[in-house]
Amino acid sequence: MSIYPIIHAFDILLWLIIAANVAYILGFAIMATLPKANNNFAASKQTISSFLVLIPAYREDSVILNTTHHILKQNYSEDCFKVVVISDAMSQDTNQELASLPITLLQPSFKKSSKAKALQYAMTEVEGNYDYVMILDADNIVASDFLSRLNTIVHPTRVIQCHRTAKNADNNIAVLDGISEEINNSIFRKGHNRLGLSSALIGSGMCFDYHWFKKNVFKLDSAVEDRELEALLMKQNIYIHYAEGIYVMDEKVSNSDNFQRQRLRWMTGQVQAFFQMLPYLPKAIIDGNINYIDKTLQQALIPRSILLVVTPALCILATLVTELFEQPAFTYHLKWWLLLLCLCVALFLAIPPKMRNHSLLSKILSFPALVWKMVLNLQKIDRKNKEFIHTTHDK
């Protein structure tokens with residue numbers, strides 16, 4: 001019995017799986033290149049919304065003060081926004097400096113810290129009534145007109161994801177991390193909104209209707225609160241708008257160890273979110289809840305970095321098998337090389353034009369080592385783990 005039919009069947013199955021991932025990325029990358037539809041509601045906006053700005057900070061002594069000073073410089077009515085820093089496991093000196101600023105400082109003590117717990121604690125402790133909750137990370141920097149610009153689009157939108165982008169380019173790793181963020185912005189945020197689908201959340205630069213958030217934040221029960229929030233919003237058919245012109249500057253990781261920890265958190269979160277969302281999927285299909293179906297599919301996608309290594313490797317392997325079994329070329333390697341071309345086109349379209357320059361090629365030299373870190377993470381994924389995986393900041 002020839003082994004060729006088995007190899008052929010396996011080849012087709014594997015190609016279909018990889019092709020589905022590439023088609024998803026390519027489709028939304030193309031959508032992201034389309035012009036933005038005009039929104040007329042901003043021009044008639046008259047009300048001044050009030051914002052509760054929450055900044056969870058776990059061992060973030062090196063960056064929190066700078067972030068807090070920047071958000072306090074808003075050219076927005078002081079009566080219409082409150083800044084709350086949730087200081088978790090930070091030094092007494094840092095807390096003393098924060099306490100001297102016109103903010104609300106909370107100092108919880110958790111046995112096992114997480115961002116979700118910090119947000120829940122803040123919503124329990126902070127009194128008052130606001131229109132919106134804005135969540136920033138401890139390393140985020142925003143412009144002085146951040147809240148003013150946000151105020152022009154919050155009505156009638158209930159949930160907004162701002163454009164998070166890199167504030168540093170210290171080395172090749174930081175640059176690649178920044179490019180990866182922009183690719184995600186194009187595919188999972190801009191491309192989705194262009195098609196009328198909800199943007200993905202990203203963990204910071206997120207703005208929620210205050211009453212919705214206060215009611216739903218206590219349902220969070222993992223270390224990947226942004227994915228849980230997405231699932232809750234999709235179940236309730238609440239649209240997430242991507243504010244691509246309102247920037248939140250975010251510090252990118254600049255060493256391989258931090259990169260590995262960050263990706264482990266993301267990969268673990270993706271697996272956890274998939275199994276959490278899967279039981280509700282049949283109901284979403286019956287109800288025609290396209291956004292929920294789409295978000296569930298997102299959790300099943302192969303991580304892009306691994307896709308970039310697996311696809312060319314399979315191209316080479318398919319070419320060798322074709323030669324070995326002397327089968328028609330198209331049966332094996334041509335379809336794989338076509339798939340690799342589509343993947344490269346998709347990523348090229350998703351990278352902002354300003355980042356497509358000659359120096360990008362030199363940065364890619366760091367890519368193999370980073371992918372190896374991603375591969376090592378595969379054996380560490382624990383879908384039941386709820387502990388927060390902290391990424392430190394380089395001083």
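Quick notes on this structure:
- For residue 197: the one exception among (1) assigned to a helix (DSSP H, G or I); (2) in contact with a Phe, Trp or Tyr (Cβ under 9 Å, 6 or more places away or on another chain): (1)
- Residues (touching a residue at least 60 places away in the same chain (Cβ under 8 Å), in a helix (DSSP H, G or I) and surrounded by 17 or more Cβ atoms within 10 Å (Cβ to Cβ)) located in segment 66-81: 67, 70, 71
- The criterion of being assigned to a helix (DSSP H, G or I), at pLDDT 95 or above and not aliphatic (A, V, I, L, M) does not hold for residue 208.
- Across segment 161-176, the qualifying residues are those that are surrounded by fewer than 22 Cβ atoms within 10 Å (Cβ to Cβ) and of a type in the set (D, E, K, R), and the one among them that is modelled with the highest pLDDT is 167.
- Answer from 183, 240, 173 - the residue that is within 18 Å of the chain's Cα centre (by Cα) and closer than 22 Å to residue 289 by Cβ: 240
- Residue 224 being modelled with pLDDT under 95, buried (at least 21 other Cβ atoms within 10 Å of the Cβ), among the hydrophobic types (A, V, I, L, M, F, W, C) and more than 14 Å from the chain's Cα centre (by Cα): no
- Those residues of segment 91-148 which are within 20 Å of the chain's Cα centre (by Cα) and either part of a loop (DSSP other than H, G, I, E, B) or not assigned by TED's automatic domain parsing to the domain that holds residue 227 (or both), in sequence order: 114, 136, 137, 138, 139, 140, 142
- Yes/no for residue 346 being of a type outside the set (S, T, N, Q), in contact with a Leu (Cβ under 7 Å, 6 or more places away or on another chain) and either modelled with pLDDT of 85 or more or not assigned by TED's automatic domain parsing to the domain that holds residue 278 (or both): yes
The values are calculated or read from the model by the stated rules, or taken from the named source; none is laboratory data. Being a predicted model, the structure only gives us computed values, none of them experimental. Ideal geometry is used to build each Cβ from the backbone, glycine not excepted, and the neighbour counts take in all protein chains shown.
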